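So the structure is just underneath, and the comments pick up after that.
The values are calculated or read from the model by the stated rules, or taken from the named source; none is laboratory data. This structure is a prediction, so every number in the text was calculated from the model and none was measured. Glycine also receives a Cβ, built like all others from the backbone with ideal geometry; neighbour counts cover every protein chain displayed. For the accessible areas, the whole protein counts, side chains as well, though only heavy atoms, and no ligand, DNA or RNA atoms are used. Shrake-Rupley method; radii C 1.70, N 1.55, O 1.52, S 1.80 Å.
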Amino acid sequence: AQTVTQSQPEMSVQEAETVTLSCTYDTSESNYYLFWYKQPPSRQMILVIRQEAYKQQNATENRFSVNFQKAAKSFSLKISDSQLGDTAMYFCAFWTTWGTYKYIFGTGTRLKVLA
Amino acid sequence: GAVVSQHPSRVICKSGTSVKIECRSLDFQATTMFWYRQFPKQSLMLMATSNEGSKATYEQGVEKDKFLINHASLTLSTLTVTSAHPEDSSFYICSAPGGLGQETQYFGPGTRLLVL
């Protein structure tokens, strides 16, 4: 069975600084997707970034980038130039092409950006 | 991008009544939708997978007679909390998969249910 682990329940970062959120996962599948979702105080889940496992190049979306280490089963999110609007809960999620199309979510990391 | 709506956004009801929550995919069709429950400061807990034209698939421990799911069309799924009790108070979120391989889930804004 697949599992997703986020070992940092809470983190804080100064505005304009860089922060990295950790995510590790376990699977025996070779073809899968990984995601980072953001849930701000409004509680709307917003897709931040996604990574296809067969792509070696790390995904980037503006200030957000990932460090995908397939062999180590690690998928960390780096937020550069942190902004107050980045304050949110961040969830790492796993999805595989096999099975029931369900997401496996981590427990989340609460990020607070300090002014 | 793909948009999913939920209605209502907030509902307060008396114990023993039933509450229906609607989830709509606004600009794409979804043969599958997911219903989640989220407690404060916790992750999303999958309750069930809603399948258009067939029965929903419930996760272990979720009472199918209490949480009725109907996927009436390719753009609408409903969750009915029957005979609601205070312990059913929670935040309910739906999602629908999109993307080329259906790998990306698009989430509704959620429904906050308070049962008095």
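Table for the structure above
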item	result
Among residues of region A:37-67, those that are more than 13 Å from the chain's Cα centre (by Cα), hydroxyl-bearing (Ser, Thr, Tyr) and farther than 30 Å from B:Leu113 by Cα, counted	1
Residue check for A:Gln51: open to solvent by less than 60 Å² (accessible area, probe 1.4 Å), more than 10 Å from chain B (Cβ to nearest Cβ), at pLDDT 95 or above and in a strand (DSSP E or B)	yes
Some residue of region B:26-49 being of a type in the set (Asp, Glu) and modelled with pLDDT of 95 or more	no
Residue within region B:63-78 that is at pLDDT 95 or above and among the hydroxyl-bearing types (Ser, Thr, Tyr) present	yes
Every residue from region B:86-111 that is touching a strand residue (DSSP E or B) at 6+ places or on another chain (Cβ under 6 Å), open to solvent by 40 Å² or more (accessible area, probe 1.4 Å) and more than 8 Å from every other protein chain (Cβ to nearest Cβ)	B:Pro86
Hits in region B:63-74 - residues which are polar (S, T, N, Q) and either open to solvent by 50 Å² or more (accessible area, probe 1.4 Å) or touching a residue at least 40 places away in the same chain (Cβ under 8 Å) (or both)	B:Asn70
Unmet criterion (only one of (1) in a strand (DSSP E or B); (2) surrounded by fewer than 16 Cβ atoms within 10 Å (Cβ to Cβ); (3) not aromatic (Phe, Trp, Tyr)) for B:Ser77	(2)
Every residue from region A:79-111 that is in contact with a Ser or Thr (Cβ under 8 Å, 6 or more places away or on another chain), open to solvent by 60 Å² or more (accessible area, probe 1.4 Å), within 13 Å of chain B (Cβ to nearest Cβ) and in contact (Cβ under 8 Å) with a residue 60 or more places away in the chain	A:Thr107
One residue from A:Ser28, A:Ser12, A:Ser65 being without any contact (Cβ under 8 Å) to a residue 24 or more places away in the chain, open to solvent by 20 Å² or more (accessible area, probe 1.4 Å), part of a strand (DSSP E or B) and away from chain B (no Cβ under 13 Å)	A:Ser65
